[in-house]
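> One structure follows; several queries about it will come next.
The values are calculated or read from the model by the stated rules, or taken from the named source; none is laboratory data. The structure presented is a predicted model; accordingly, all values stated were derived computationally and were not measured. Cβ coordinates were reconstructed from backbone atoms using ideal geometry, including for glycine residues, and neighbour counts include every protein chain displayed.
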Amino acid sequence: MPRPRFTKLPRSIEEAAQWYMRYISPLSLIAGFLADYYILLRRVDLWQSNLLLFSYIAISGLCIGLFALIETGRLRHPWILKFTPFLPVIAQFAFGGLFNGFLALYSKSAAFAASWIFVALLAVLLLANERFVRFYMRFTSQIAIYFTALFSFLIFFLPVIFKKIGPLMFLASGIVSLVLVFLFLYVLSKVVPEVVAQSRTQIARTIAIIFIGFNVLYFTGAIPPLPLALREAGVYHGASRVGDSYRLLAEPTPWYASYLRYNTVFHRAPGESVYVFTAVFAPSGLTTTIFHEWQHYEASLGEWQTQETIPFFIVGGRDGGYRGYSIKSGVTAGSWRVNVVTEFGQMIGRVSFTVAPSSAPVPVEVRLR
């Protein structure tokens, strides 16, 4: 009696490509994000991180060129045509690696209340990348995704290189992205002129929409201010520097609270001041001023009122972030938040807490940071 054949295994190059996209790709999406978030892309200023993203950009550009050459019949080598079904898979892998990395980096920097839109868009692009592989067969779509990836990369890469942040660096990132994508199109126009000529108007319109969209998101605060990122933040009953560490007095909290960036309730005794501690990562060589913006929610007005803005200078390079704290006395009961913002008003992160009156000081524990 013949043994049953396992039909799930691929029997050709085309079936292998379909098998990869159906079974391996969803798992690699999750594994890739976790690897990028915790291991490969811990810092935006590491050459290994940027080399990885550079390689994805190079592979993506190569795939776009190969798509065009095969479509126009300029590449007809049998061994190339044999592996053509794998080309969309390779493009998917490269673009997926890029947006995986961007999602990992931008989500680390994002203050959810201000930047969720941009982070959500990156997540949508990443999920769409895994679902709609045939999308890569359209030249205009390829260029649109490629320009989006270039712009997203240069937003934080140029500040790392020039050790500066702010609107001028963002505008420079946009201009360089435009120059690079049009140089890429110029090269392609010499190799596959009919493909570029056929889509020139649609490409120009698409790039213009993406460029304007990035600017709207940035100047409305929806794009996180990479390469700055909030590593740690919390509200405490005391803070002081002891040698190379900070001694923080915190209310005892459940084990899971260590994964949060804030304490939910601050029990304030009469006359007690409130301390907010933050650790903000900046790349090596970058120095700037950040601010703790203390705000109280005025229920009668239905809005947040800024009570005090406290600046302090940070120096980049420390893996755990540049540490510092601000103090606020005379804090009233109710909802409070401290926005951690750049000198240009971009939000790096936020500490939210509720002040509850206490007749006597509550027990605290010492934490060293």
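> When only residues in segment 302-360 that are modelled with pLDDT of 90 or more and of a type in the set (Lys, Arg) count, which is farthest from the chain's Cα centre (by Cα)?
Lys328
> I need the full set of residues from segment 193-226 which are modelled with pLDDT of 90 or more and on the phi > 0 side of the Ramachandran plot, in order please.
Correct list: empty.
> Quick one: would you say Gly334 is loosely packed, with under 15 Cβ neighbours inside 10 Å and in the same structural domain as Arg241 (by TED's automatic domain parsing)?
Details: loosely packed, with under 15 Cβ neighbours inside 10 Å: yes; in the same structural domain as Arg241 (by TED's automatic domain parsing): yes.
Taking the combined requirement at face value, the residue satisfies it.
> Condition check: surrounded by fewer than 17 Cβ atoms within 10 Å (Cβ to Cβ), at pLDDT 85 or above and within 22 Å of Ser284 (Cα to Cα). Does Lys190 satisfy that?
Details: surrounded by fewer than 17 Cβ atoms within 10 Å (Cβ to Cβ): yes; at pLDDT 85 or above: yes; within 22 Å of Ser284 (Cα to Cα): no.
For Lys190, the condition - surrounded by fewer than 17 Cβ atoms within 10 Å (Cβ to Cβ), at pLDDT 85 or above and within 22 Å of Ser284 (Cα to Cα) - is not met.
> I've got another one for you. Name the residue that is nearest to Val331 (Cα to Cα), counting only residues in segment 350-369 that are β-branched (Val, Ile, Thr) and surrounded by 11 or more Cβ atoms within 10 Å (Cβ to Cβ).
Kept after step one, since they are β-branched (Val, Ile, Thr), are these residues of segment 350-369: 351, 354-355, 362, 364, 366.
Subset that is surrounded by 11 or more Cβ atoms within 10 Å (Cβ to Cβ): 351, 354-355, 362, 364.
Numbers: Val351: 15, Thr354: 11, Val355: 8, Val362: 16, Val364: 19 Å.
It comes out as Val355.
> Tell me which residues, restricted to segment 212-237, are out of contact with any Phe, Trp or Tyr (no Cβ under 6 Å at 6 or more places or on another chain) and either within 20 Å of Thr289 (Cβ to Cβ) or surrounded by fewer than 18 Cβ atoms within 10 Å (Cβ to Cβ) (or both). Spell out how you get there, then give the answer.
Here is the first cut: in segment 212-237, the residues out of contact with any Phe, Trp or Tyr (no Cβ under 6 Å at 6 or more places or on another chain) are 212-213, 215-216, 219-221, 225, 228, 230, 232-233, 237.
Selection gives Ile212, Gly213, Asn215, Val216, Phe219, Thr220, Gly221, Pro225, Leu228, Leu230, Glu232, Ala233.
> Have a look at Val242, Val274 and point out the one that is assigned by TED's automatic domain parsing to the domain that holds Val351, closer than 23 Å to Ser335 by Cα and at pLDDT 90 or above. Spell out the reasoning first.
Working: Val242 fails: closer than 23 Å to Ser335 by Cα.
After applying the criteria, what remains is Val274.
> Shifting gears a bit: Looking at (1) among the small types (Gly, Ala, Ser); (2) at pLDDT 65 or above; (3) part of a helix (DSSP H, G or I), which is the only condition Gly73 fails?
The one condition Gly73 does not meet is (3).
> Further question on the same structure: Can you find a residue in segment 51-58 that is part of a helix (DSSP H, G or I), of a type outside the set (Val, Ile, Thr), surrounded by 18 or more Cβ atoms within 10 Å (Cβ to Cβ) and modelled with pLDDT of 80 or more?
yes
> Here are some residues: Val340, Val331. Which one is more than 20 Å from Arg268 (Cβ to Cβ) and not basic (Lys, Arg)? Outline the logic, then answer.
Values: Val331 fails: more than 20 Å from Arg268 (Cβ to Cβ).
Testing whether each residue is more than 20 Å from Arg268 (Cβ to Cβ) and not basic (Lys, Arg) leaves just Val340.
> Let me ask something else about it. Going through segment 317-341 one residue at a time, which ones are over 15 Å from Ala233 (Cβ atoms) and among the small types (Gly, Ala, Ser)?
Result: Gly317, Ser329, Gly330, Ala333, Gly334, Ser335.
> For segment 267-286, enumerate the residues that are in a loop (DSSP other than H, G, I, E, B) and closer than 28 Å to Val362 by Cα.
Answer for segment 267-286, where residues must be in a loop (DSSP other than H, G, I, E, B) and closer than 28 Å to Val362 by Cα: Ala269, Pro270, Gly271, Glu272, Ser273.
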